[in-house]
Amino acid sequence: MNPLMKVTANRIILGVTASVLTIAVATVLEASSGHDHWGYTGQAGPENWGELKQEFTTCKTGTRQSPIDIDATQLVPANLGDIRFDYQPVTPEMLNNGHTVQVNYANGSRISVAEHQYELAQFHFHTPSENTVNGKAYDMEMHLVHKNTHGELAVVGVFFKQGKPNPELEKLWRQLPEKAGEKKRLSGIHLSAADLLPKNKSYTHFNGSLTTPPCSEGVNWFVINQPLEASAEQIARFAKIIGNNARPVQALNHRFILSEK
């Protein structure tokens, strides 16, 4: 991989086929019933996802799978441009879908990157982090899932490391739904996802996939470099409800990991 390679921001937004988009959008944006026969351990675990259903074959055969290890020796300098966040305060709905806790977001919030706009649909959490950095996992990771008018997906990843209590996270954690299938409209909360972003929003970019079945590819990933902090108790509270819900890192397979020059 040539470290002098120059890539402009307008070239990093990659298209996907209509069939992939249909599967990806339906899977990510619709609430799971909690009865899907896949999980993170045993015969239903990640190593067997591709064998569980025909629709999950890409989990086994895909070549641009997520998550990945963001290896500093593999970074390609690029003119990425800033992500412009325009997130509005909402009274969110929170769902325990059996695989994660997902916060469904009302219409009207979006990101803009390289003249492309994606609307925020939901965000959810994984413990430990799914993407790793130089082989090291963080304690937790948030995925903010967006789609554009063509149905293409963009995910912004935010890491959490153990440290001070996170007051914005605590607003959600006070009402965590503890049972699979449980949904809550969060009373008394007016939350903006912008408050769950670090001050420094520099990021790395790669083309990947959903990290859960059907593992559809063509997803634009923007992983913010600076982690946030959350207390050991906050991380443990989520893990107690959901358990380990991190898919292992996948082979890079000659993809580029782009980083601001």
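The values are calculated or read from the model by the stated rules, or taken from the named source; none is laboratory data. Fair warning: this is a prediction, and the values are worked out from it, not measured in the lab. Glycine also receives a Cβ, built like all others from the backbone with ideal geometry; neighbour counts cover every protein chain displayed.
Scan the range 59-91 residue by residue and report those that are assigned to a loop (DSSP other than H, G, I, E, B) and over 13 Å from G208 (Cβ atoms).
Answer for the range 59-91, where residues must be assigned to a loop (DSSP other than H, G, I, E, B) and over 13 Å from G208 (Cβ atoms): D71, L80, G81, D82, I83, Y87, Q88, P89, T91.
Just checking, how many residues over the range 230-261 are assigned to a strand (DSSP E or B) and touching a strand residue (DSSP E or B) at 6+ places or on another chain (Cβ under 6 Å)?
Matching residues across the range 230-261 total 4.
Residues of the range 58-90 being of a type in the set (A, V, I, L, M) and surrounded by 16 or more Cβ atoms within 10 Å (Cβ to Cβ), which ones?
I68, I70, L75, V76, A78, L80, I83, V90
Would you pick out the residues in the range 98-117 that are surrounded by fewer than 20 Cβ atoms within 10 Å (Cβ to Cβ) and either at pLDDT below 95 or not polar (S, T, N, Q) (or both)?
Result: G98, A106, N107, G108, R110, A114, E115, H116.
Checking the conditions here, which among R237, R255, R247 is in contact with a Pro (Cβ under 9 Å, 6 or more places away or on another chain), basic (K, R) and either on the phi < 0 side of the Ramachandran plot or at pLDDT 95 or above (or both)?
The conditions single out R247.
So P167 fits all but one of (1) surrounded by 22 or more Cβ atoms within 10 Å (Cβ to Cβ); (2) without any contact (Cβ under 8 Å) to a residue 12 or more places away in the chain; what number is the exception?
The single condition P167 does not satisfy is (1).
Which condition number in (1) modelled with pLDDT of 95 or more; (2) out of contact with any Leu (no Cβ under 8 Å at 6 or more places or on another chain) is the one that H190 fails?
Every condition holds for H190 apart from (1).
Being modelled with pLDDT of 95 or more, among the aromatic types (F, W, Y), under 22 Å from I242 (Cα atoms) and not in a loop (DSSP other than H, G, I, E, B) narrows it down to one of W38, W49, so name that one.
That would be W49, the only listed residue that is modelled with pLDDT of 95 or more, among the aromatic types (F, W, Y), under 22 Å from I242 (Cα atoms) and not in a loop (DSSP other than H, G, I, E, B).
Tell me the residue from L95, L120, L153 that is under 20 Å from K179 (Cα atoms), modelled with pLDDT of 95 or more and hydrophobic (A, V, I, L, M, F, W, C), please.
L95
Is it the case, given these coordinates, that N220 is out of contact with any Lys or Arg (no Cβ under 6 Å at 6 or more places or on another chain) and either surrounded by 18 or more Cβ atoms within 10 Å (Cβ to Cβ) or not hydrophobic (A, V, I, L, M, F, W, C) (or both)?
Yes, satisfied.
Within the range 194-205, is even one residue over 25 Å from E93 (Cα atoms), surrounded by 16 or more Cβ atoms within 10 Å (Cβ to Cβ), more than 14 Å from the chain's Cα centre (by Cα) and not aliphatic (A, V, I, L, M)? Don't jump to the end; show me each part of the working.
Residues of the range 194-205 that are over 25 Å from E93 (Cα atoms), as a first pass: 199-205.
When the remaining residues are screened for being surrounded by 16 or more Cβ atoms within 10 Å (Cβ to Cβ), the result is 201, 203-205.
Keeping just the survivors that are more than 14 Å from the chain's Cα centre (by Cα) gives 201.
With the extra rule that they be not aliphatic (A, V, I, L, M), the set shrinks to 201.
Yes, that holds for at least one residue.
Taking the condition of being part of a strand (DSSP E or B) and either of a type in the set (G, A, S) or in contact with a helix residue (DSSP H, G or I) (Cβ under 7 Å, 6 or more places away or on another chain) (or both), how many residues in the range 123-136 meet it? Let's see the steps before the verdict.
Our first condition is that a residue be part of a strand (DSSP E or B); within the range 123-136, this holds for 123-126, 132-133, 136.
Checking which are either of a type in the set (G, A, S) or in contact with a helix residue (DSSP H, G or I) (Cβ under 7 Å, 6 or more places away or on another chain) (or both) leaves us with 123, 125.
Of the residues in the range 123-136, 2 are part of a strand (DSSP E or B) and either of a type in the set (G, A, S) or in contact with a helix residue (DSSP H, G or I) (Cβ under 7 Å, 6 or more places away or on another chain) (or both).
Quick grid of which residues meet (1) surrounded by fewer than 22 Cβ atoms within 10 Å (Cβ to Cβ); (2) closer than 22 Å to P67 by Cβ; (3) within 17 Å of the chain's Cα centre (by Cα); (4) charged (D, E, K, R):
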| site | (1), (2), (3), (4) |
| --- | --- |
| K161 | yes, yes, yes, yes |
| G181 | yes, no, no, no |
| R185 | yes, no, no, yes |
| L191 | yes, no, no, no |
| N225 | yes, yes, yes, no |
| L228 | yes, yes, yes, no |
| A251 | yes, yes, no, no |
